[in-house]
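Enquirer: One structure coming up, written as structure tokens, with questions to follow.
Please treat every number below as a calculation from the coordinates, not as lab data. Since the structure is predicted, the reported quantities are computational estimates derived from the model, not experimental observations. Cβ placement follows ideal geometry from the backbone for every residue including glycine, while neighbour counts extend to all protein chains displayed.
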Amino acid sequence: MPLTDTKVRNAKPKEKQYKLFDTDGLYLLVSPAGGKWWRFKYRLGGKEKLISFGTYPEVTLADARDKRTDARRLVARGIDPSEARKAQKEAKALDENTFEAVAREWFAKFSVNWAPNHSIKIKNRLEKDVFPYIGDRPIIEIKAPELLTVLRRIESRGALDTAHRARTNCGQVFRYAVATGRAERDPAADLRGALPPAKDGHFSAITSPEKVAELLRAIDGYQGGFVTKCALRLAPLLFVRPGELRHMEWVEIDLDAAEWNIPADKMKTRQPHLVPLARQAVEILRELKPLTGSGRYVFPNPRTAQRPMSDNGILAALRRMGFEKSEMTGHGFRAMARTMLDEVLQVRVELIEHQLAHNVRDPLGRSYNRTTHIEERRKMMQTWADYLDGLKSGAKVIPLKRQA
């Protein structure tokens, strides 16, 4: 007689294991310890064989019968269900150990500690330039020549710097695979020197007072959108990273205290950062607040207020004003401030570096916190803003180079 749910549920253990048979080779094996195992007995090639379908109650009677039906279909086609299951497990293990699978696991584990913009760049680089070519390959089988072919493909389109960064990211994935027992070594390490050296990675920046004056006057005369113009006006005053400026939120700004508190998860250093706001910066934000202050972002995307302005917004505006990429970039405002605060205004380097949110440490090796030298930095930011106003209005400013 076929088994019933009640009979399976009420089966009690005995001194010795025993079987409760269903139909077509399916039976329940009850152990003395109380375990209940589904078994399916079949014949293939003249030999009797056995396969397990799991334990009750995780696998119900109905589930076990479905598994039996599937297994009988395989037997009818001359396929051994046990071998088919083994092949499926091996295929699954192979899928879990492909380069893409390991890379995505590595990314999920470590990207939580990265700045959002940095995470997006690495993810896009892997998905665009690496996964399409070696993503489905078992990571343990990938050798240096195969990886070099991928990097050469990136180099061939003139993106040598991207090729170097891709090699670095692939090396991180391979080393993670080695650490987790899915690869034996890092083939990316064998490719050091295989690519031509990347060009100097410094961002283009205007640093001479005369050129800076021209840039500031061009910004004041910008004919594009008002939100973009405000971002352009703030960029030299605040000299934060372009991504930090784009993601500025009204909730982070205290106009009365003249402060912008950037949370740690938005910073490259993963440390909160305090930006004192000069009088000119506060005035710009007060001008902008009636327009965007009801939303989240100070500089919202024109298509949807749920996202900040495009990372190409300021760069495109600079091009529109006639400043080429080789002359000035959004990141160049940082180099401009770093150079001129030091060489022209002769501000102490540690104040500049701290305001740039670089990883500055005190003489004992401890990281400075967000409020370190805050009053001196407030004075520096106001002095810098006043200096820029003087340049823009045509005041004669004599560069005073720091003496050796």
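Enquirer: Taking the number of other C-beta atoms within 10 Å as the exposure measure, put THR162, THR69 in order starting with the fewest.
Expert: THR69, THR162
Enquirer: Here is a follow-up. Under a crude label model (7 Å from the Cα following the beta-carbon direction), how far is ARG85 from THR339 in nanometres?
Expert: 7.0
Enquirer: Rounded, prolate or oblate: which fits segment 209-393 when a ≥ b ≥ c are the square roots of the eigenvalues of the alpha-carbon gyration tensor, with rounded for a/c under 1.5 and prolate only if a/b beats b/c?
Expert: Verdict is oblate for segment 209-393.
Enquirer: Which of LYS229/LYS266; LYS289/LYS392; LYS211/LYS325; LYS14/LYS36; LYS19/LYS49 have a Cα-Cα distance over 18 Å?
Expert: Working: LYS229/LYS266 23 Å; LYS289/LYS392 25 Å; LYS211/LYS325 15 Å; LYS14/LYS36 12 Å; LYS19/LYS49 16 Å.
Where the Cα-Cα span goes over 18 Å, the pairs concerned are LYS229/LYS266; LYS289/LYS392.
Enquirer: Counting other Cβ atoms within 10 Å, keep those with at most 15, restrict to DSSP loop, and tell me which trypsin sites (Lys or Arg not before Pro) in segment 305-336 are left.
Expert: Passing both the DSSP loop test and the Cβ count: LYS325.
Enquirer: Whole-Hz ³J(HN,Hα) for each residue in segment 125-131, computed from phi via Karplus 6.51 cos²θ - 1.76 cosθ + 1.60 with θ = phi - 60°, x for glycine and proline: what do you get?
Expert: 4, 5, 5, 8, 10, 10, 4
Enquirer: Taking the Cα centre of the chain as origin and charging only Cβ (+1 Lys, Arg; -1 Asp, Glu), how large is the dipole, in debye to the nearest 20?
Expert: Computed about the Cα centre, the dipole is about 1520 debye.
Enquirer: Looking at segment 149-223, which GluC sites (Glu not before Pro) are DSSP coil and have at most 13 other C-beta atoms within 10 Å of their C-beta?
Expert: Taking segment 149-223 and a limit of 13 other Cβ atoms within 10 Å, the loop GluC sites (Glu not before Pro) found are GLU184.
Enquirer: Along the charge dipole of the chain, which of ILE374, TYR56, ALA218 sits closest to the positive end, that is, farthest toward it, with unit charges on the beta carbon of Lys, Arg, Asp and Glu (+1, +1, -1, -1)?
Expert: The Cα lying farthest towards the positive end belongs to TYR56.
Enquirer: Using only DSSP helix segments of four residues or longer, with each worth -39500 (n - 2.57), what per-residue ellipticity at 222 nm results for the chain after dividing by its residue count and rounding to 500?
Expert: Only helices count here, giving -14500 deg cm²/dmol.
Enquirer: Can you sort VAL349, VAL75 from fewest to most other Cβ atoms within 10 Å of each residue's own Cβ?
Expert: In order of increasing Cβ crowding within 10 Å: VAL349, VAL75.
Enquirer: Can you give the charge dipole size of segment 62-141 about its Cα centre, rounded to the nearest 20 debye, using +1 on the beta carbon of Lys and Arg and -1 on the beta carbon of Asp and Glu?
Expert: Approximately 240 debye in magnitude.
Enquirer: List, in order, the whole-Hz ³J(HN,Hα) value for each residue of segment 312-319 obtained from phi through the Karplus relation with A = 6.51, B = -1.76, C = 1.60 and θ = phi - 60°; use x for Gly and Pro.
Expert: Each residue's phi maps through the Karplus curve to give 9, x, 5, 4, 5, 5, 4, 5 Hz.
Enquirer: Something else now. Could you put GLU96, GLU244, GLU252 in order, starting from the residue whose Cβ has the fewest other Cβ atoms within 10 Å?
Expert: GLU96, GLU252, GLU244
Enquirer: In whole Hz, with x marking every Gly and Pro, tabulate ³J(HN,Hα) for segment 79-84 from phi via Karplus 6.51 cos²θ - 1.76 cosθ + 1.60, θ = phi - 60°.
Expert: 9, 7, x, 5, 5, 5
Enquirer: By the gyration tensor of its Cα atoms, with a ≥ b ≥ c the square roots of the eigenvalues, what is the shape of segment 172-289: rounded for a/c under 1.5, prolate for a/b over b/c, or oblate?
Expert: In terms of gyration-tensor shape, oblate.
Enquirer: Need the full-extension length gain, SER111 to ARG319, defined as separation in residues times 0.36 nm minus the C-alpha distance. One decimal, nm.
Expert: 71.6 nm
Enquirer: Which cross-chain or sequence-distant (5 or more) residues have an amide H under 5 Å from the amide H of TYR18, H modelled 1.01 Å from N in plane?
Expert: VAL30
Enquirer: Where the only charges are on Cβ atoms (+1 Lys, Arg; -1 Asp, Glu), what is the dipole of segment 5-93 about its Cα centre, to the nearest 20 debye?
Expert: It comes to approximately 180 debye.
Enquirer: With the Cα gyration tensor of segment 1-84 giving a ≥ b ≥ c as the square roots of its eigenvalues, does the rule (a/c under 1.5 for rounded; else a/b larger than b/c for prolate; else oblate) give rounded, prolate or oblate?
Expert: It comes out prolate by the Cα gyration axes.
Enquirer: Candidates (i) 21.7; (ii) 26.9; (iii) 22.8; which is the computed Kirkwood radius over Cα pairs in Å?
Expert: (ii)
Enquirer: If amide H atoms are built 1.01 Å from N in the plane of the peptide, which residues on other chains or at least 5 residues away come under 5 Å of the amide H of GLU249?
Expert: Sorted by chain and number, the residues that satisfy this are VAL298.
Enquirer: While we're looking at this one, here's another question. Which of the trypsin sites (Lys or Arg not before Pro) across segment 178-255 are loop residues per DSSP, with 12 or fewer other Cβ within 10 Å?
Expert: ARG192, LYS199
Enquirer: Which residue, chosen from HIS164, HIS118, ALA144, occupies the Cα position most advanced towards the positive end of the dipole of segment 99-191, where the dipole is computed from +1 (Lys, Arg) and -1 (Asp, Glu) charges on Cβ about the Cα centre?
Expert: HIS118
Enquirer: Now, a different point. Check GLU259: other-chain or 5+ apart residues with amide H under 5 Å from its amide H, H built from backbone geometry?
Expert: Here the answer is ASP254, LEU277, since their amide H atoms fall under 5 Å of that of GLU259.
Enquirer: Using +1 at the C-beta of Lys and Arg and -1 at the C-beta of Asp and Glu, which of ALA188, SER310, GLY394 has the Cα lying farthest in the positive direction of the dipole of the chain?
Expert: In the chain, that residue is ALA188.
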